Amino acid sequence: MKRKWTPTPEAFEKLLVRLASDRNEAGERYEIIRLKLLRFFEWRSCDSPDHRVDEAFNRVMRRIDEGQTIENLMAYFYETARLIFMEWLKEKKKTAAIVENTPATVMPIHPDYREEEPRVRCFDSCLEDLPGESRKLILAYYECEKHEKIVRRKKLAVEMKIPMNALRIRAHRIRRDLEKCVKNCLGQYAN
Amino acid sequence: MSVEKDKATSSRRYLLGALSAEESERLEGEFFDYDETFEEIEIAEDELIDDYLGDDLSRAERDQFQKQLLGNPRIAERVEFAKVLRQASKTPVQPTAIKPEPNSWWQSLVAFFSTPQRLGGAVAVLALVVGGGFLFVDWLRLRDESRRLIAERAVLQRENELLARKIENDTRQLTNEKQNVEALNTKLEQELENAQERPSPLALLSPLFIFPGASRSTGKTNDLILPSRSAMVRLQLALEANDYLHYNAVVRRGVEGPIAFRRTNLKPATSQSIQVIELRFPSTRLVAPGDYTINLDGVKPPGKPEFVATYNFRTVSK
């Protein structure tokens, strides 16, 4: 019977070495790959995306540990992830034959969301912690709606003397940090 | 359509599940390879959420968004966050201008003192400012003075260094010149000595071949015929054996008379298959006509010179 391969610290070390010679840089690369894999499974509407990310890492680590030559590591990660997705899809089809395909669970969006208050508190606190310029930018960026939104953002880009796309990226990064902060803050509330 | 807009549209369609399988795979391969592409898709996700909340999606897009994305707890969470963000952005209290054009200083000042409380405070502040101003000016003066002194000290230090270096160079140069002068003097003295020994190109006399104790062994006198004018005497002293490294010769008038000529460090040469020591000196050294004796010593370093032989000759005027 074929034994299931389990990741070892040595195998993980080999993966890190393969990612970058500098350990810190390797750690950063690992995080980026993990995030990309996670998004890949999420955007393909896979359930248990975290579990599938772990599976993808295990398979790649195993190949490296066994000494297999991998020319393009990122492409290999992608191919592995795609394979896992196909396996999941196949499994899902099998299950669908037994159980009626249930419609996707849509989370209701209520304006009076119960957790709104802690979320708002966390948001205000995290917003306060942002550097002044970032705070002004993120609020100004989302200030208007519809057509005004476009005009406002163009004006912002002109004021900041940066192209529109650079403004988009900057706003996205501030938003990402803010979201992360709010998520952590909400986690503290939950505890 | 610009490349950026094209990418944004592709990313948006990818998230909505509107791309073909090939297009999706191409985009996925790209976002695994390039972080920028990945970030572009994340931005598209932000924008889709905002458009969903702002009711800016078409009917089809809205359906796709709900079906494709909203079932994902992470996206649902993000939607909640976006709602708060939208709400906060629309609150009028928040300052929204990014790096506003700064007013001129006097405009800001007039605006600031427009309330009586601020004006009262301003008087107190003014008093502090005036008092502090004097201290500040004094401090500035001291700071400038201190800076000037530091700068001067640095300049002096630099000048000292340069001076020390110059003195060192001059001393070295003088030492070299002194050594050169000494060497030149030595050379000149030597030249002078040689010049005294060789006053002028003299006519070279025929060599006089002398055997050791010649007058005794051969019974004939070795006569050196001197011309009326000065000439260069050549004496060839025959060696019975060449046992020494070099030889010293002393020419005396008579047997124990004054030294007429002396030469050291002589090397033997071969003349008519016989090893000889050749002496050359001006005829003027033989001031008085008569008998002369040559004592030849041999030297074997590091020992003292050893007697080798005595040679006799007699000068005869022409």
Identify all residues within segment A:19-35 that are within 19 Å of the chain's Cα centre (by Cα) and touching a residue at least 24 places away in the same chain (Cβ under 8 Å); write none if there are none.
A:ILE33
Pull up segment A:122-133, narrow it to residues that are touching a residue at least 40 places away in the same chain (Cβ under 8 Å) and farther than 11 Å from B:ALA88 by Cβ, then point me to the one that is nearest to the other protein chains (Cβ to nearest Cβ).
A:CYS122
Filtered residues of segment A:134-145 (kept if more than 7 Å from every other protein chain (Cβ to nearest Cβ) and not in a loop (DSSP other than H, G, I, E, B)):
A:SER134, A:ARG135, A:ILE138, A:TYR141
Tell me which residues, restricted to segment B:17-40, are closer than 22 Å to B:ARG59 by Cα and either part of a helix (DSSP H, G or I) or more than 10 Å from chain A (Cβ to nearest Cβ) (or both).
B:ALA18, B:LEU19, B:SER20
For residues in segment A:146-168 being crowded, with 18+ Cβ neighbours inside 10 Å and facing chain B (nearest Cβ under 7 Å), which is nearest to B:LYS5 (Cα to Cα)?
A:ARG168
Given the structure, is B:ILE43 buried (at least 20 other Cβ atoms within 10 Å of the Cβ), within 9 Å of chain A (Cβ to nearest Cβ), over 21 Å from A:LEU137 (Cβ atoms) and not aromatic (Phe, Trp, Tyr)?
no
Tell me, which residue of segment B:263-316 that is of a type in the set (Gly, Ala, Ser) and under 15 Å from B:LEU208 (Cα atoms) is surrounded by the most Cβ atoms within 10 Å (Cβ to Cβ)?
B:SER283
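Laboratory data are not the source of any read-out in this text; all were calculated from the coordinates shown. It should be emphasised that the depicted structure is a prediction, and the values quoted were computed from it without experimental measurement. No Cβ is skipped: glycine too gets one built from the backbone with ideal geometry, and neighbour counts run over all protein chains shown.
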